[in-house]
Amino acid sequence: MLNYLKIKNIGIFPQLEVNFAPRLNFLVGANGSGKTFLLDLAWWVLTQSLTQYDYDFMPYLPTSKAKAKITYQCKGESKKVKVYDKKNLKWTDDEISLNSKIVILYAQTNGNFLIWDSVAQVLNDFTLNEVWNDLILEKSEEEEILNKFEKILEILSSNSIKLVLPQTKQCDDVLVVINGQHIPLGIAPASIRRLVSLAYLLVLVCHSKLKFSLVLLLDEAEAHLDPQTQRTLLKGLLAAIKSLNIPSQIILTTHSPLILASAEPIFDPKQDTLFNLNLKEQQDFIPHGDVSNWLTSTFNLKDARSLEAEMAIEKARALLQKPITEVTREEQKAVDEELRRAGLSDIDPFWVRWGMFMEEK
């Protein structure tokens, strides 16, 4: 498990410090705030190998005299430090010396999966097609794996996906059952193929007599998922991992208020954390009830409406702040027309306040 990560003058960060929780770690922030970069960095310090992007974590300011440095700590181990050698343009080498048996599974946004085993020190890189053509169909005779896989898929998807495996070894003959419809896996939605592959790889890495821990890195957890599935993903993922009976740490990135809202009943501050990369700090996880409240708190929207509606309401609120005697009828009508052009719903609560204001003049 990754407990601690501090980086200085690396990538887009002059400095960043993260204390990871033992179970769920939510990384949120705007595009370009460094969420995926942080996952890649976590993968690197845990495995000492790069992702398929093959970038070498360059200093934040290559011309600066400040040192680029990474400090990290895994559970049960002392802190380790990597320093960038500017003269030789490389990082100081670190031997992988994890005392515990650990498997790292990285689900990337492009559909690829990376797996690293600390015991065998073997890295595997799978595309979605390779997961199926080279893994599932090759292991079709291993009944124990497939039975467990089908069970885990149902748990992970909250019973919304079932699989029909063929007698042949053709990937196109694999069927997924969604809402009663039988769809060939090859043309199934990307969201379904990602969930199916994740379920299979969880079973594959756990199909061992050895005791080990799992670190799951999940980039954009909501990728391709409809709102209903976004609300059930976390619950299904935790239930699937519990069924496999392995200690697990999950570090995920998300832009989805539904993902965070779905965590409200299960979030435990003793074993979970929310880190906001816009603020560069840990953020208190406060249940918001209404999903739209996550948009205006954690995701920095001024208003959980369209941009046009937000701008029109800002003008209306500015008018509401004025003494009624200083507001002309023409100003009222102009803003009222803009609110209506913005497409505000007839049941939008702002109309109540605005209607009273219009009647005052």
Looking only at region 143-154, decide whether some residue is modelled with pLDDT of 80 or more and in contact with a Gly (Cβ under 7 Å, 6 or more places away or on another chain).
no
Can you find a residue that is among the charged types (D, E, K, R) and within 40 Å of the chain's Cα centre (by Cα) anywhere in region 316-331?
yes
How about region 265-295: which of its residues are exposed (fewer than 15 other Cβ atoms within 10 Å of the Cβ) and either acidic (Asp, Glu) or outside the structural domain of residue 31 (by TED's automatic domain parsing) (or both)?
268, 281, 284, 290
So which residues in region 236-270 are touching a Ser or Thr at 6+ places or on another chain (Cβ under 8 Å) and over 27 Å from residue 32 (Cα atoms), if there are any at all?
236, 241, 246, 247, 248
Scan region 6-39 residue by residue and report those that are basic (Lys, Arg) and not in a loop (DSSP other than H, G, I, E, B).
6, 8, 35
Any residue in region 307-327 that is under 30 Å from residue 265 (Cα atoms), at pLDDT 90 or above and of a type outside the set (Phe, Trp, Tyr)?
no
Of the candidates 202, 218, 210, 198, the one satisfying the condition of being modelled with pLDDT under 85 and closer than 25 Å to residue 44 by Cβ is 210
Filter result (without any contact (Cβ under 8 Å) to a residue 24 or more places away in the chain and within 14 Å of the chain's Cα centre (by Cα)) within region 236-277
none
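Table: residues versus (1) in contact (Cβ under 8 Å) with a residue 40 or more places away in the chain; (2) surrounded by fewer than 15 Cβ atoms within 10 Å (Cβ to Cβ); (3) assigned to a loop (DSSP other than H, G, I, E, B); (4) assigned by TED's automatic domain parsing to the domain that holds residue 265.
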residue	(1), (2), (3), (4)
313	no, no, no, no
319	no, no, no, no
322	no, yes, yes, no
330	no, yes, no, no
335	no, no, no, no
352	no, yes, no, no
355	no, yes, no, no
Condition (residue is touching a residue at least 12 places away in the same chain (Cβ under 8 Å) and farther than 30 Å from residue 3 by Cα) applied to region 192-202: is it met by at least one residue?
yes
Among the candidates 278, 293, single out the residue that is touching a Gly at 6+ places or on another chain (Cβ under 7 Å) and under 22 Å from residue 30 (Cβ atoms).
278
What number of residues in region 202-213 are surrounded by 16 or more Cβ atoms within 10 Å (Cβ to Cβ) and either closer than 20 Å to residue 266 by Cα or not hydrophobic (A, V, I, L, M, F, W, C) (or both)?
1
From the residues in region 222-249 that are among the aliphatic types (A, V, I, L, M) and surrounded by fewer than 21 Cβ atoms within 10 Å (Cβ to Cβ), which one is farthest from residue 150 (Cα to Cα)?
223
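The values are calculated or read from the model by the stated rules, or taken from the named source; none is laboratory data. From a predicted model like this one, the values you see are computed outputs, not experimental measurements. Positions of Cβ are generated from backbone atoms using ideal geometry, with glycine treated the same way; all protein chains shown enter the neighbour counts.
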